[in-house]
Every structure is written in C-alpha cells, then in structure tokens.
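Engineer: I have a structure here, written as structure tokens, and I will follow up with some questions on it.
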Amino acid sequence: EADIYQTPRYLVIGTGKKITLECSQTMGHDKMYWYQQDPGMELHLIHYSYGVNSTEKGDLSSESTVSRIRTEHFPLTLESARPSHTSQYLCASSGDPGANSPLHFGNGTRLTVT
Amino acid sequence: GDSVTQMEGPVTLSEEAFLTINCTYTATGYPSLFWYVQYPGEGLQLLLKATKADDKGSNKGFEATYRKETTSFHLEKGSVQVSDSAVYFCALNLFSGGYNKLIFGAGTRLAVHP
C-alpha cells in the first residue's frame, strides 16, 4: 500500500497551460524527489528536497519548479506546458539518513501535452 | 564516475523458468544496493536490498548477492510466474557528507508467458 500519493494519475492538457502535479507523503520523511520517466523506462532525477524550504535541481535539466513549504507536500509546477513535457512523473521520499534507506514511490502522474 | 549497468531487455521467459538479470556497478565509496520492481501503471516498489559486501537480499523468491569483488548485484529467481512480468531496476545509494547519491540502472523489462 502506498504512503505517498500523487494526483492526478493522468492529465491531458493543451500547450501553454500552467499545471501543478501534487505529491504528498504521510511518513514524515525529510527527503523527497521528483523523477521523470521516459518511454524507454529510464528514470531521470529532476528535483529533490532534503527538508522544508530546501530544494535542488537534479541531474536532468527541467523547466519545472518545485516547492517544499511543508514536510509532507512537494508539488511540481510547469508554468507553460509544452508537448516536450509529455512524460511520466514519479515522486518519491526516503526517511532515515544514510545509504540504507530505500525510496518509497508514488504511482506516478502520466502527463500528455497536446 | 558512479554508475549502474544492467542487462538490456526485454527478457522473455516461459513460466517456471529460471531468471537472471545482470547488474554491475561502479562506485567511489561503499554503496548500498537495491532492486526495485515496477508493475504496469504503477510506481517503483522496493524488491530487495543489500547494504554491505556478501549480504544477500531476498524477497518473494527473488535473491541478489552483493559481490564486491565483481562489483555485481545480479537478480535471480528459480521459477518465474506470469505475475512477475514487470520492469526491474537495479540501483545504488551512496551516502557522503550528509547527502545521498542515488543512481538507477536503465531498467530491464521481463515478460513471462504461460
């Protein structure tokens, strides 16, 4: 069962629209992550946060932005969606510090920009 | 640099066949190693993990042993089922200076036929 929730599951939207993908976790985890997953399955880290008011860009450059005002909430925003943003977006969190702590993933948001 | 390489898919097997998915890594420190599984339409789930050399992770009939001498963490299962059809990701987690460095392999798709 998931303790990390993403909404919406599917979103089809026109070019130029502003969108926000929601991600919430109930585990009290400090670390949260956004990954973009391409059709070839590979995961690309686009944003991460180590706590409230802390956000960093990941390995893959992205036009999206994130915020972390509350521990449990890590929304991702696209100010002006484009077809190149069509992808699956996965949110994750992890708890204990150190290398042993696994990631907990949400079920993802599949975004299609027409 | 640090990296994870896993065998390309798709891997297609008949039910009850033996499964091996190869994973090798390059890391500057002492990582923890993980296998995640992604079922269709879902996010990733932790399948198993190993935190130090010679550790064996196991879950749901899957096993993987942390081999430092060969820098490998191959996933095995003695008898696969149709329900094992999914995408499998090998990953490493390095912890240094208070920060986690998470690296995923490209994923291997497994299809099991009755």
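The values are calculated or read from the model by the stated rules, or taken from the named source; none is laboratory data. Just so we're clear, the structure is a prediction, and the values are computed from it rather than from any experiment. Counting neighbours? That spans all protein chains shown, and the Cβs are built from the backbone with ideal geometry, glycine included. Protein only, heavy atoms only, side chains kept; ligands, DNA and RNA dropped before computing areas. Shrake-Rupley method; radii C 1.70, N 1.55, O 1.52, S 1.80 Å.
Engineer: How many partner chain Cβ atoms sit within 10 Å of a residue's Cβ in peptide B:29-37, on average, as a whole number?
Structural biologist: Shielding by partners across B:29-37 averages 2.
Engineer: Let's test this: bin the Cα-Cα distances of the protein assembly as shown at 5 Å from zero up to the farthest pair and state each bin's percent.
Structural biologist: Percent of Cα pairs in each bin: 1, 7, 14, 18, 19, 16, 12, 8, 4, 1, 0.
Engineer: Find, among the chymotrypsin sites (Phe, Trp or Tyr not before Pro) in region B:1-81, those assigned to loop by DSSP (not H, G, I, E, B) with at most 13 other beta-carbon atoms within 10 angstrom.
Structural biologist: Here the sparse-neighbourhood loop sites are B:Phe18.
Engineer: Over chain A, give the accessible area per residue in Å² for a 1.4 Å probe, as an integer.
Structural biologist: 48
Engineer: Now for a separate question. May I ask you to give the solvent-accessible area per residue for region B:1-111, in square angstrom, as obtained with a 1.4 angstrom probe?
Structural biologist: Using a 1.4 Å probe on heavy atoms only, each residue of region B:1-111 averages 47 Å².
Engineer: Could you give the distance between the Cα centres of region A:59-114 and region B:45-95, to the whole Å?
Structural biologist: 25
Engineer: At 10 °C and a viscosity of 1.306 mPa s, what translational diffusion coefficient does Stokes-Einstein give for region B:29-114, taking Rh as the Kirkwood radius over Cα pairs? Give it in µm²/s as a whole number.
Structural biologist: Reported coefficient: 117 µm²/s.
Engineer: Indicate the residues belonging to region A:72-111 that lose 30 Å² or more of solvent-accessible heavy-atom surface (probe 1.4 Å) upon moving from the chain alone to the assembly of all protein chains, ignoring ligands and nucleic acids.
Structural biologist: A:Gly98, A:Ala99, A:Asn100, A:Pro102, A:Leu103, A:Phe105, A:Asn107
Engineer: Express the C-alpha Rg of chain A as a ratio against the empirical globular expectation 2.2 N^0.38 Å, rounded to two decimals.
Structural biologist: 1.01
Engineer: Got a number for carbon plus sulfur as a percent of chain B's accessible area, 1.4 Å probe?
Structural biologist: The C+S portion of the solvent-accessible surface of chain B is 49 percent.
Engineer: Only counting protein heavy atoms at a 1.4 Å probe, give the residues of region A:39-53, ordered by number, whose accessible area falls by 50 Å² or more when the other protein chains are present relative to the chain alone.
Structural biologist: Going by heavy-atom accessible area, the residues of region A:39-53 that drop by at least 50 Å² are A:Met41, A:Leu43, A:Tyr50.
Engineer: Moving on. Starting from the Kirkwood Rh over alpha-carbon pairs, what translational D in µm² s⁻¹ does region A:47-114 have by Stokes-Einstein at 20 °C and 1.002 mPa s?
Structural biologist: Answer from the Stokes-Einstein relation: 160 µm²/s.
Engineer: Roughly how many percent of the accessible protein surface of region A:44-106 is carbon and sulfur, given a 1.4 Å probe and a whole-percent answer?
Structural biologist: Here it works out to 48 percent.
Engineer: Under 13 Å from a point 7 Å along the Cα-to-Cβ line of A:Ser67: which residues of region A:27-56 have their amide N that close?
Structural biologist: A:53-54
Engineer: In the structure displayed, which of B:Lys49/B:Lys101; A:Lys57/B:Lys49; A:Lys31/B:Lys77; A:Lys31/B:Lys101; A:Lys31/A:Lys57; A:Lys31/B:Lys60 lie more than 20 Å apart, Cα to Cα?
Structural biologist: Violating the 20 Å Cα-Cα cut-off are A:Lys57/B:Lys49; A:Lys31/B:Lys77; A:Lys31/B:Lys60.
Engineer: Any idea how far the Cα center of region B:9-41 sits from the one of region A:4-45, in Å?
Structural biologist: 24
Engineer: Now for a separate question. List the accessible area buried at the contact between B and A, summed over both sides and calculated with a 1.4 Å probe, in Å² to the nearest 100.
Structural biologist: Summed over both sides, the interface buries about 1900 Å².
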